[in-house]
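The values are calculated or read from the model by the stated rules, or taken from the named source; none is laboratory data. Quantities reported herein were computed from a predicted structural model and do not represent experimental measurements. Methodologically, a virtual Cβ is constructed for each residue, glycine included, from the backbone with ideal geometry; neighbour enumeration extends over all protein chains shown.
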């Protein structure tokens, strides 16, 4: 049996406010193409199918088309809910979808009820462990004192092992789990699942099964040969710009896992961090490679450019993030050192220069007038306060 491990689709996610549905549709098409090319039997998706608990209608449409494309390519799908999903909504209609080859595992009572599939060597049991919030699921898992994810996952795996023990001899097993396993490296685009500061679980918690398909972390990672994160099919932060997104292909023979291969996914749209003056970014040929990328630009102009994003979009239509950083860095912004022994006018003039440019003569007159008014107003408040104290003392 050949299994494709993918996860963390986050259908409906935006990237710095930009809709990613078209990119996500292309990523799912690429996964379906791999299913067809590699004769994949089963696709496993361990959580975060959607990015929101209440996905938009368009997000549902993209997701359903992705499922349909994978099924049409020849694979059965086994998916669980993640911390971004609404377990109830994702699992709605699971009994009907299972008959069509889409098995959705979103409830605690489904953990010990595997999806059983057959190949020439016999049965393979797919156990789904959805994201389990300790406060919500500890009673259902009959561990009322559990507080951490590790305790909850141990209870879930106890149910898996108990059921696996009564399966027929030679049954191979695959576990889908949405968790933060020790040794995994976060990318920064994942939502924290910490409870009381304890969010990690040990890879040893999964002992006794043939392969563990993990979801939650967004970069492909190998914790052990048979415990892996596939990562998300698209980058969801500029911190992932250097990642090569991928899926894992797992082959099972009669004894268990015989081979695991990584297959890189095509880049739908690149991510680039660019630094330079606005004129350099818009005109310099060295930045031509990023013209169709999502761009995060750091401007180094001496003066903050006006309407810089509009100018960037003339060359980089997918520019999504912009910040301004003076070329002389933070040294000139150490105001504690700069203001010592200086007049209010000098301090105000330096502030305007640091954040914009040198003030004009007219602007200096306005600053002096404002400071003079503030001084008079402050003196009046002090006088009023002193008068009030005198009145209180004589009352």
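Annotations
- Scan of region 142-156 for residues that are in contact (Cβ under 8 Å) with a residue 24 or more places away in the chain and surrounded by fewer than 22 Cβ atoms within 10 Å (Cβ to Cβ), ordered by number: 147, 148, 150, 154
- Taking the listed residues 170, 128, the one that is touching a residue at least 24 places away in the same chain (Cβ under 8 Å) and touching a helix residue (DSSP H, G or I) at 6+ places or on another chain (Cβ under 9 Å) is 128, with no other qualifying.
- Under the condition of being touching a strand residue (DSSP E or B) at 6+ places or on another chain (Cβ under 8 Å) and within 17 Å of residue 68 (Cα to Cα), the residues counted in region 29-49 number 11.
- In summary, strands (runs of 3 or more DSSP E) completely within region 1-96 and bearing 2 or more residues that are assigned by TED's automatic domain parsing to the domain that holds residue 226, on the phi < 0 side of the Ramachandran plot and within 18 Å of the chain's Cα centre (by Cα) occur at 42-46.
- So residue 239, is it more than 26 Å from the chain's Cα centre (by Cα) and under 22 Å from residue 47 (Cβ atoms): no
- Pick from region 102-120, criterion over 28 Å from the mean Cα position of the chain (by Cα) and surrounded by 14 or more Cβ atoms within 10 Å (Cβ to Cβ), ranking: nearest to residue 155 (Cα to Cα): 112
- Top-ranked residue in region 246-271 [being touching a residue at least 60 places away in the same chain (Cβ under 8 Å) and closer than 21 Å to residue 82 by Cα; ranked as surrounded by the fewest Cβ atoms within 10 Å (Cβ to Cβ)]: 248
- Check on residue 279, at pLDDT 95 or above and more than 31 Å from the chain's Cα centre (by Cα): yes
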